[in-house]
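Engineer: This structure is in structure tokens; I'll ask about it shortly.
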Amino acid sequence: MDVSMPELNGLQATKKLKQKCPQVKILALTRHTDDSYLQQLLQAGASGYVLKQSKSAELLRAIRAIAAGQTYLDPAITQKAVTQIRDGRAARGASADANLSDRETEVLRLIAWGHINKEVAARLNVSVKTVEVHKANGMRKMGMKSRVDIVRYALLQGGLQDT
């Protein structure tokens, strides 16, 4: 499974596959080293994560491990993931999605679409300050630091569908 695919991204496809066929084993093969992709794919039910830029031997090891019922993480990202879990960043991001309010989700989705705070405020009929608060709260809950993080999250969640 790749993360970046046309029409249905890898996260959405993984969720659908696991719902329809829970016993299927899914290995993500991607160029993305960002931990948010890793976290969300594993939460969706992927059994492993391998980077396209790794040697082909890594892919073979991953396939064999997953076929044997194990989970596999590419060694190039394992240290980063372990460090983030130790620091607590991954835990905050992993459970925060369920804690986003509907308004925080809507604000983040509109920001991901490229709207500035003033445009979001006008669209939602609220003040710019209210938009800033929802944006800041949503970003804090999700462990986001920039607009790029918001766009990544929206892409993975399918939030960049037509508005």
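Only the coordinates and a few stated rules stand behind these numbers; no lab work does. Not measured: the values here are computed from a predicted model. All Cβ positions, glycine included, derive from the backbone under ideal geometry; neighbour counts span all protein chains shown.
Engineer: How large is the Rg to Rh ratio of the chain when both quantities use alpha carbon positions and Rh follows Kirkwood?
Structural biologist: 1.02
Engineer: Please give the contour-minus-distance gain from Lys18 to Thr33: 0.36 nm per residue of separation, less the Cα-Cα distance, rounded to one decimal in nm.
Structural biologist: Values: separation 15, 0.36 × 15 = 5.40 nm, distance 2.30 nm.
Gain on extension, Lys18 to Thr33, equals 3.1 nm.
Engineer: So if I restrict to the alpha-carbon atoms in region 1-76, what is the Rg, and what is Dmax, the biggest pairwise distance, in Å?
Structural biologist: Calculated on Cα positions, Rg and Dmax stand at 11.5, 32 Å.
Engineer: Where in region 33-54 does the label zone of Ala67 land, with the point 7 angstrom along Cα→C-beta and an amide N cut-off under 18 Å?
Structural biologist: Once the point is set 7 Å along Cα→Cβ of Ala67, 47-50 turn out to lie under 18 Å by backbone N, inside region 33-54.
Engineer: I would also like to ask the following. Treating only the Cβ atoms of Lys and Arg (+1) and Asp and Glu (-1) as charged, compute the dipole magnitude of region 100-157 about its Cα centre; round to the nearest 20 debye.
Structural biologist: For this selection, approximately 140 debye.
Engineer: Next question. Under 18 Å Cα to Cα from Lys15, which lysines show up? Leave out anything in the same chain fewer than 8 places away.
Structural biologist: Leaving aside lysines fewer than 8 places away in the same chain, those within reach of Lys15 are Lys25.
Engineer: Considering only Cα-Cα distances, which of the following residue pairs are longer than 31 Å: Lys18/Lys129; Lys118/Lys141; Lys16/Lys129; Lys80/Lys141; Lys80/Lys135; Lys52/Lys135?
Structural biologist: Check vs 31 Å cut-off fails for Lys18/Lys129; Lys16/Lys129; Lys52/Lys135.
Engineer: Rounded to the nearest 500, what is the chain's calculated 222 nm mean residue ellipticity when only DSSP H runs of at least 4 contribute -39500 (n - 2.57) each, over all residues? Write out the running numbers ahead of the final one.
Structural biologist: Details: 9 runs with 99 residues, N = 163.
Mean residue ellipticity, 222 nm, calculated: -18500 deg cm²/dmol.
Engineer: Same structure again: If one computes the Cα centroid of region 1-36 and of region 99-163, what distance in Å separates the two points?
Structural biologist: 24
Engineer: Taking only the alpha-carbon atoms of region 100-157, what semi-axes of the equivalent ellipsoid follow from 5 times the gyration tensor eigenvalues under a square root, in whole Å, largest first?
Structural biologist: Equivalent ellipsoid of region 100-157: 17, 12, 9 Å, largest first.
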